[in-house]
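Right, one structure below, let's go through it.
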Amino acid sequence: MASYYNDKTEIFLNGSFVKAANASIDLYSQSLHYGYSVFEGIRAYKTINGITKIFKAEAHFDRLKQSALAMNMPYSWTRDELIAATYEVLKRNNFQDAYIRPVVYAPANMSFAKNEQSYIVIEAWEMQPFLGDKLLKVMTSSFERPNPRGFKIHAKAGGHYVNSILASQEAKALGYDEALLKDMNGFIAEGPGANVFIEKDDVLYTPTLGNILPGITRATVIELCNEMGIAVIEKQISSEELSTADAAFFCGTAAEIIGWQSIDDYTFPKEWNNSSSRKIQLAYSDRIVEKNSNEKKRTHREASIA
Ligand code: PMP
């Protein structure tokens, strides 16, 4: 198992900076028993001028709040105080390129009743940028994304990730790199921890909001397309459209932009390096480090982290 902290690692826990190794939560927490928590996945990058910046910090902490409110969890923190606390966590641990994981969780409560209080932890661990050029073999999952009539699927809630874990484990057990889940209507939705784009005739398409997590990277990709004059369309996408596409990729805070080699037994015909998707991948790698040129270290990392 990966090691996320050592004896020296500090985290932010309910207003204080404490050692991860000494921190604890109540085992009677409603979050542990019922998956009733909300969280974020955020990246910090060492930018080209040497300063570490949290990428899209405001958008992530706004989504954390929206997720908590959607779940009826009390939320008493300001965006600025949490951003400041996150920078302090990075500084105390001497992290430059890092992954940041804030979690809002509930007190001890075995009932389903609303709580009067929530708790928060902000953890971080080192993670290098990757923007891998190893392409993924993806399978259409036998699991669907949760029905938005049963779950507030736009919220990043802990319990939703049971679905992600099942789908990702299924794909890996069958020899694929990652899963693609459809929505309850049979349209393509998203990966276990990433949104999806497909490319056809130099136009990018991505599923409309409603049955997916509104990804911050997805929004950044749309922004980059608009800036670069690449046409991008949000629409419901069928499996057939996917299996006749020229190229496809996952995008997410942890996955960044990662191209696909294949979906099920269909191999994407367009050379990744000649695709519009690749242009977006390069532009994204510049954006996260606040740079315009594009020499970049590339190694492979799995897409399966939320
Ligand atoms: N969908 C799901 C289910 C996710 O877990 C994530 C990762 N947070 C995404 C999409 C991508 O979202 P973002 O770009 O905000 O990381």
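Where in the range 189-306 are the helices (runs of 4 or more DSSP H), entirely inside, with at least 2 residues that are in contact with a helix residue (DSSP H, G or I) (Cβ under 6 Å, 6 or more places away or on another chain) and modelled with pLDDT of 95 or more?
216-228, 276-288
Return the total of residues in the range 184-215 being surrounded by fewer than 21 Cβ atoms within 10 Å (Cβ to Cβ) and of a type outside the set (Lys, Arg).
The total comes to 11.
Anything in the range 143-164 that is touching a strand residue (DSSP E or B) at 6+ places or on another chain (Cβ under 9 Å), open to solvent by 10 Å² or more (accessible area, probe 1.4 Å) and of a type outside the set (Phe, Trp, Tyr)? List them, or say none.
Correct list: GLU144, ARG145, GLY158, ASN163.
For the range 69-86, does any single residue satisfy the condition of being away from the ligand (no atom under 16 Å from the Cβ) and part of a strand (DSSP E or B)?
The answer is no; no qualifying residue exists.
Can you tell me which residues in the range 37-68 are of a type outside the set (A, V, I, L, M), within 16 Å of the ligand (Cβ to nearest atom) and not in a loop (DSSP other than H, G, I, E, B)?
PHE39, ARG43, TYR45, GLU58, HIS60, PHE61, ASP62, ARG63, LYS65, GLN66, SER67
Between residues in the range 18-29 that are touching a residue at least 60 places away in the same chain (Cβ under 8 Å) and among the aliphatic types (A, V, I, L, M) and residues that are in a loop (DSSP other than H, G, I, E, B) and buried (at least 16 other Cβ atoms within 10 Å of the Cβ), which pairs lie under 6 Å by C-beta distance while being six or more apart or on different chains?
Here the result reads ALA20/TYR5; ALA20/THR9, each pair linking the range 18-29 to a residue that is in a loop (DSSP other than H, G, I, E, B) and buried (at least 16 other Cβ atoms within 10 Å of the Cβ).
Just wondering, is there one or more residues in the range 165-182 that are part of a loop (DSSP other than H, G, I, E, B), open to solvent by less than 40 Å² (accessible area, probe 1.4 Å) and modelled with pLDDT of 95 or more?
No, that holds for no residue.
Any idea which of (1) within 16 Å of the ligand (Cβ to nearest atom); (2) of a type in the set (D, E, K, R); (3) surrounded by fewer than 16 Cβ atoms within 10 Å (Cβ to Cβ) is the one LYS235 doesn't satisfy?
Condition not satisfied by LYS235: (1).
When you go through (1) in a loop (DSSP other than H, G, I, E, B); (2) over 23 Å from ASP26 (Cα atoms); (3) touching a residue at least 40 places away in the same chain (Cβ under 8 Å); (4) of a type in the set (Lys, Arg) one by one for LYS114, which number turns out not to apply?
The number of the failed condition is (2).
Can you tell me how many residues in the range 55-69 are open to solvent by less than 20 Å² (accessible area, probe 1.4 Å) and either more than 15 Å from the chain's Cα centre (by Cα) or among the charged types (D, E, K, R) (or both)?
So the answer is 1.
From the list GLU240, GLU223, which residue is surrounded by fewer than 16 Cβ atoms within 10 Å (Cβ to Cβ) and within 15 Å of the ligand (Cβ to nearest atom)?
Step by step, each of GLU240, GLU223 is checked, and only GLU223 is surrounded by fewer than 16 Cβ atoms within 10 Å (Cβ to Cβ) and within 15 Å of the ligand (Cβ to nearest atom).
Considering (1) within 11 Å of the ligand (Cβ to nearest atom); (2) aromatic (Phe, Trp, Tyr); (3) touching a Phe, Trp or Tyr at 6+ places or on another chain (Cβ under 8 Å), say which one TYR161 fails and leave the rest.
With respect to (1) within 11 Å of the ligand (Cβ to nearest atom); (2) aromatic (Phe, Trp, Tyr); (3) touching a Phe, Trp or Tyr at 6+ places or on another chain (Cβ under 8 Å), TYR161 is out only on (3).
Report, by residue number, each residue of the range 87-110 that is of a type outside the set (Phe, Trp, Tyr), in contact (Cβ under 8 Å) with a residue 60 or more places away in the chain and not in a helix (DSSP H, G or I).
Within the range 87-110, ILE100, ARG101, PRO102, VAL103, VAL104, ALA106, PRO107, ALA108, ASN109, MET110 meet the criteria.
Is there a residue in the range 96-108 that is open to solvent by 30 Å² or more (accessible area, probe 1.4 Å) and away from the ligand (no atom under 15 Å from the Cβ)?
yes
The values are calculated or read from the model by the stated rules, or taken from the named source; none is laboratory data. Nothing here was measured: the structure is a model prediction, and the numbers come from that model. A quick note on method: Cβ atoms are made from the backbone with ideal geometry, for glycine too, and the neighbour counts reach across all protein chains shown. SASA here: full protein model, heavy atoms, side chains in, ligands and nucleic acids out. Shrake-Rupley method; radii C 1.70, N 1.55, O 1.52, S 1.80 Å.
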